[in-house]
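Beneath this line is the structure, given in structure tokens, with notes to follow.
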Amino acid sequence: AMTEPLEDASVSAVTAPMVYWPGGPGLGTLLRSGWMAAGTPYLAWAGVVTGQSMAFRRADLEAWDAAGLWERALFEDLALTGALAASGRRVAYVAGAMPASREPAALGALLAMTSRWMLGFRHHVPWVWWLGALLTGGRAALWAWAFSPLGSARGVAAVWAVDALALAGFFATYAALAGERPRAADGARAVLVAALAPLVHAVFLADYAV
């Protein structure tokens, strides 16, 4: 499945991001699951190669001098994303090949990981970083308005509900498309992650504040 899209000459990379199902009740584990669920559609739209699963033609890697890129790269996958963007070639996402993880994550380790990833985006694919910063800032402004004197309890509930439904929709999409079907506990915890949507966005905000 991972190599089939390479039969198209316009495709130079194939990738399948990790689906992080909430494998436990820890806050770091739940927020990582939500952070990845919210970010993966954006990465797919932007054509970002994700390091969990990648496939390339050897000739393309040699043309990009991948070995040289990786010697000075913060992230190998993001360095290749930059090379792909410069060459005008496409990245194909294969949803059915997405691996799954239920590994627990401590909150401190999560924040260290996500902030480092944002640094990698800023270095290798800055346009993706800037667009993400605008979206995150806009979402933060909306939450600030909801909690301000100009807002209301209904405004807070409406913003919360939209964010929670979006996360729930992402999880439902992964459950339908990913190669590995979710377990019963995954669905129940995904609902909890969706309810924590404001905290998921707070993690994104913290990443950009670093």
Net dipole in debye of the chain [+1 Lys, Arg Cβ; -1 Asp, Glu Cβ; about Cα centre; nearest 20]: 560
Computed [θ] at 222 nm, deg cm²/dmol, the chain (DSSP H ≥ 4; -39,500 (n - 2.57); rounded to nearest 500): -21000 deg cm²/dmol
Under the Karplus curve 6.51 cos²θ - 1.76 cosθ + 1.60, θ = phi - 60°, whole-Hz ³J(HN,Hα) for region 138-143, x wherever Gly or Pro sits: x, 5, 5, 5, 5, 5
Descending principal axes extents, region 24-81, alpha-carbon based, whole Å: 45, 23, 15
Angle in degrees between helix 153-177 and the longest Cα principal axis of the chain, rounded to the nearest 10: 40
Using alpha-carbon coordinates, inclination of helix 27-46 to the longest axis of the chain, degrees: 50
Farthest positive-ward along the chain dipole, Cα basis, beta-carbon charges - from Ser10, Gly28, Trp117: Gly28
Of all DSSP beta bridges in the chain, antiparallel share, percent nearest 5: 35
Spin-label model distance (nm) - Ala184 vs Leu135, 7 Å beyond Cα toward Cβ: 3.5
Potential extension, Ala46-Val156 segment - 0.36 nm per residue separation minus Cα distance: 36.6 nm
Charge tally in the Cβ shell below 14 Å around Ala16, where Lys, Arg are +1 and Asp, Glu are -1, Ala16 excluded: -3
Student exercise, region 92-187 dipole from Lys, Arg, Asp, Glu Cβ charges, in Debye to nearest 20: 100
Degrees separating the helix 76-87 axis from the principal Cα axis of the chain, which is the longest one: 70
Projected label distance in nm at Met2 and Met54, using a 7 Å step from Cα toward the beta-carbon: 1.1
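Every number in this text was worked out from the coordinates using simple rules, so none of it is lab data. Remember, it's a predicted structure, so these values are computed and weren't measured experimentally. With ideal geometry, Cβ positions are generated from the backbone for all residues, glycine too; neighbour counts draw on all protein chains shown.
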